[in-house]
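Can you read through this structure? Questions will come right after.
Read-outs: derived from the displayed coordinates by stated rules, not from any lab. All figures in this text were calculated on a predicted structure; none of them were measured in a lab. Methodologically, a virtual Cβ is constructed for each residue, glycine included, from the backbone with ideal geometry; neighbour enumeration extends over all protein chains shown.
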Amino acid sequence: MSHREAVIPRRVRTLVCLGMLGLLSGWRAAHAAELSAAARNEVDQLLTRVAASGCDFKRGNTWYSAADARQHLEMKFKGLAGRGAMVTAEDFIDLAASRSSITGEAYAIRCKAGPAHPSAVWLNAQLRAVRSGSIAASHPAR
């Protein structure tokens with residue numbers, strides 16, 4: 001660049017970049033999908049079923065109680081829902097309740113000292129039960 005060309009000061013470039021990022025974030029927030037009332041109700045029912053299941057949930061190398069699992073999944077749900085990242089109950093299962101968002105390791109569930117299953121399998125069975133109006137579906141479809 002020659003000395004005769006206009007040089008944009010660093011501060012101006014930084015402000016322009018920040019402004020563009022702000023516009024993009026505002027656009028994203030304005031266009032983020034929201035969880036419908038029906039989907040929110042399904043997620044609430046899934047969380048209730050988790051807590052009432054008496055099953056153990058494995059995160060990392062540790063098994064947790066159903067109450068602890070509900071608390072953890074609800075925390076993840078609130079974070080994702082607040083960012084508009086979920087639209088359906090399936091999104092909740094896929095994005096929050098199937099694997100660690102940090103390690104990517106799948107969560108597992110073990111009911112009544114039976115074999116462990118991926119939590120996604122169990123939760124999808126529970127979602128089918130919720131949608132069909134079934135009162136209980138404590139074990140995944142085999």
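Between Ala116 and Ala67, what FRET efficiency follows from the Cβ-Cβ distance if R0 is 25 Å, with the result rounded to 0.05?
Rounded to the nearest 0.05, the efficiency is 0.85.
In addition: If you add up the charges near Arg110, with Lys and Arg at +1 and Asp and Glu at -1, over every other residue whose beta carbon is less than 9 angstrom from its beta carbon, what do you get?
+1
Mind putting together the pair-distance distribution for the stretch 37-132? All Cα pairs, 10 Å bins, whole percent per bin, short to long.
Bins of 10 Å from zero give 17, 56, 26, 2 percent of pairs.
Expected output is a single nm value to one decimal: the length gained when fully extending between Ser101 and Gln45, i.e. 0.36 nm times separation in residues minus the C-alpha distance. What is it?
Taking 0.36 nm per residue and subtracting the Cα distance, the gain is 17.9 nm.
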